[in-house]
1. Report the residue count in segment 1-25 for those that are open to solvent by 60 Å² or more (accessible area, probe 1.4 Å) and assigned to a helix (DSSP H, G or I).
2. Within segment 88-98, take every residue that is at pLDDT 80 or above and on the phi < 0 side of the Ramachandran plot and give me the one that is surrounded by the most Cβ atoms within 10 Å (Cβ to Cβ).
3. Within the bounds of segment 50-65, is there any residue that is among the polar types (S, T, N, Q), at pLDDT below 80 and outside any helix (DSSP H, G or I)?
4. With the checklist (1) open to solvent by less than 90 Å² (accessible area, probe 1.4 Å); (2) at pLDDT below 80 in hand, flag the one item Arg122 doesn't pass.
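The values are calculated or read from the model by the stated rules, or taken from the named source; none is laboratory data. Everything quoted here is computed from the prediction, not taken from an experiment. Note: ideal-geometry Cβ built from the backbone for every residue, glycine included; neighbour counts use all protein chains shown. These accessible areas exclude ligands, DNA and RNA; they are computed on the full protein's heavy atoms, side chains included. Shrake-Rupley method; radii C 1.70, N 1.55, O 1.52, S 1.80 Å.
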Amino acid sequence: MKLAEKLYKHMHALGMNQQKLARVSGISDSEVSRVMSGKSQPGLENAWKLAKALNVSVDFLADDKLDEDPGVARPGASALPEAEEQLLKIARQVGLFQAAQVLGLLRFIDFDVAMRRLVDARVAGEQPASRN
């Protein structure tokens, strides 16, 4: 599938016309028109802007042999290994900032030590506070 066909297909799916694609991508109307008509091939920077605006990969736009974007996961299928999906789920639950802090600290602390401290903190948090 040619570049112009890919652009048109994804513009249509997103409810865009050429002017909106130009506005969203930050590329001039005239350049988008030249690319859509096949009179021009975008440079790397413009290809990246177009890909970002249409939520596709630059590889997909550049390769006429590709009819589907290999960089986009199919519905119901994850592009990440299961362990990474679980990590992302947990990170979203505790908050991305806190998860980043934990992961940053894990780089400096032995994994076994970090796990013991997390378990100890959890157990201490579950016990009722003693009253004096």
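1. Looking only at that region, the number is 10.
2. Ala91
3. Looking through segment 50-65, none of the residues is among the polar types (S, T, N, Q), at pLDDT below 80 and outside any helix (DSSP H, G or I).
4. Arg122 satisfies all of (1) open to solvent by less than 90 Å² (accessible area, probe 1.4 Å); (2) at pLDDT below 80 except (1).
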